[in-house]
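**Q** My questions will all concern the structure given below.
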Amino acid sequence: LSTVVGINAGLNEDKTSARYNAIYGCGSGRDIATGLANSYFGGRSGLYSTGSYCTGVGYEALFGTIGNNCTAVGARAGGQSGKSVAGAVYYGYYAGYYESGSNKLFIDNQSRTNEATARTSSMIYGEFNSTVNLQKIYLNASTYTNDLNVNGTTRLGTLNGLILGTIGELSAVS
């Protein structure tokens, strides 16, 4: 059994095979059909989604995601229709909206123009992998911190304005 609240929410849910869904909002989870353990909160969240174990919070979050194990928090996060992805995490307004690949992480709050721009302009973009040393995270911002601890090999792009000090220590040049 599922809990469904809202006009056209869970409209096409198969009442015999779809179970444990929580669907709240006008049009939310409309095409969920046989999905299991999904949570959609917000108008049109998960509207065309058909997967299982997904959570969409916000207007049109996971709007058209076809896949399992996705999480989106924010209006239109992970929202472009017809995407077949799994294991994605999107946080913020329009985060991951254009992304078509599985196992991706986006933290952003801007509407980007396409998938490539979103990957290089989101505050944080990442790629999940079951093999830890194959996971990737990209910080598309200037970083200000007293300490940055990295487990594994660290590769620095441009070293403009930095001088290598003692082994492993960097200091800024004014």
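**Q** Show the residue pairs meeting these rules: Cβ distance below 9 Å; 6+ apart or different chains; first residue within the range 123-136 and within 16 Å of Asn69 (Cβ to Cβ); second residue of a type in the set (Ser, Thr, Tyr) and open to solvent by less than 60 Å² (accessible area, probe 1.4 Å).
**A** From residues that are within 16 Å of Asn69 (Cβ to Cβ), the pairs are Phe128/Ser102.
**Q** Is it fair to say Arg19 is over 15 Å from Thr65 (Cβ atoms), of a type in the set (Lys, Arg) and open to solvent by 30 Å² or more (accessible area, probe 1.4 Å)? Full working, then the answer.
**A** Working: over 15 Å from Thr65 (Cβ atoms): yes; of a type in the set (Lys, Arg): yes; open to solvent by 30 Å² or more (accessible area, probe 1.4 Å): yes.
Here the answer is yes, as Arg19 does meet what is asked.
Yes or no, residue by residue, for (1) open to solvent by less than 20 Å² (accessible area, probe 1.4 Å); (2) out of contact with any Ser or Thr (no Cβ under 6 Å at 6 or more places or on another chain); (3) more than 26 Å from Asn109 (Cβ to Cβ):
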| site | (1), (2), (3) |
| --- | --- |
| Val5 | no, yes, yes |
| Gly10 | yes, yes, yes |
| Tyr40 | yes, no, no |
| Val57 | no, yes, no |
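**Q** Here's a follow-up. In the range 79-117, which residue that is of a type in the set (Phe, Trp, Tyr) and in contact with a Ser or Thr (Cβ under 6 Å, 6 or more places away or on another chain) is nearest to Leu139 (Cα to Cα)? Show your work before the answer.
**A** Filtering the range 79-117 down to residues of a type in the set (Phe, Trp, Tyr) leaves 90-91, 93-94, 97-98, 106.
Filter again for in contact with a Ser or Thr (Cβ under 6 Å, 6 or more places away or on another chain), leaving 94, 106.
Values: Tyr94: 18, Phe106: 10 Å.
Only one residue tops the list, namely Phe106.
**Q** Take the conditions in contact (Cβ under 8 Å) with a residue 12 or more places away in the chain, open to solvent by less than 50 Å² (accessible area, probe 1.4 Å) and either in contact with a strand residue (DSSP E or B) (Cβ under 6 Å, 6 or more places away or on another chain) or aromatic (Phe, Trp, Tyr) (or both) and apply them to Leu47. Does it pass? Steps first, please.
**A** Values: in contact (Cβ under 8 Å) with a residue 12 or more places away in the chain: yes; open to solvent by less than 50 Å² (accessible area, probe 1.4 Å): yes; either in contact with a strand residue (DSSP E or B) (Cβ under 6 Å, 6 or more places away or on another chain) or aromatic (Phe, Trp, Tyr) (or both): no.
Taking the combined requirement at face value, the residue does not satisfy it.
**Q** Here's something else I'd like to know. What residue, of Ala88, Ala61, Ala75, is closer than 25 Å to Ala37 by Cα and out of contact with any strand residue (DSSP E or B) (no Cβ under 9 Å at 6 or more places or on another chain)? So that I can check it myself, show each step before the final result.
**A** Values: Ala88 fails: out of contact with any strand residue (DSSP E or B) (no Cβ under 9 Å at 6 or more places or on another chain); Ala61 fails: out of contact with any strand residue (DSSP E or B) (no Cβ under 9 Å at 6 or more places or on another chain).
When all the criteria are applied, what remains is Ala75.
**Q** I'd like the full set of residues that are over 9 Å from the mean Cα position of the chain (by Cα), of a type in the set (A, V, I, L, M, F, W, C) and open to solvent by 30 Å² or more (accessible area, probe 1.4 Å), limited to the range 93-133.
**A** Result: Ala116, Met123, Ile124, Phe128, Val132.
Conditions (1) of a type in the set (S, T, N, Q); (2) at pLDDT below 95, marked per residue:
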position: Ala18; (1), (2): no, yes
position: Cys26; (1), (2): no, no
position: Ser39; (1), (2): yes, no
position: Thr71; (1), (2): yes, no
position: Lys83; (1), (2): no, yes
position: Ser100; (1), (2): yes, yes
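The values are calculated or read from the model by the stated rules, or taken from the named source; none is laboratory data. Being a predicted model, the structure only gives us computed values, none of them experimental. When we count neighbours, we look across all protein chains shown, and the Cβ atoms used for this are built from the backbone with ideal geometry, even at glycine. These area figures cover heavy atoms from the full protein model, side chains too; ligands, DNA and RNA do not enter into them. Shrake-Rupley method; radii C 1.70, N 1.55, O 1.52, S 1.80 Å.
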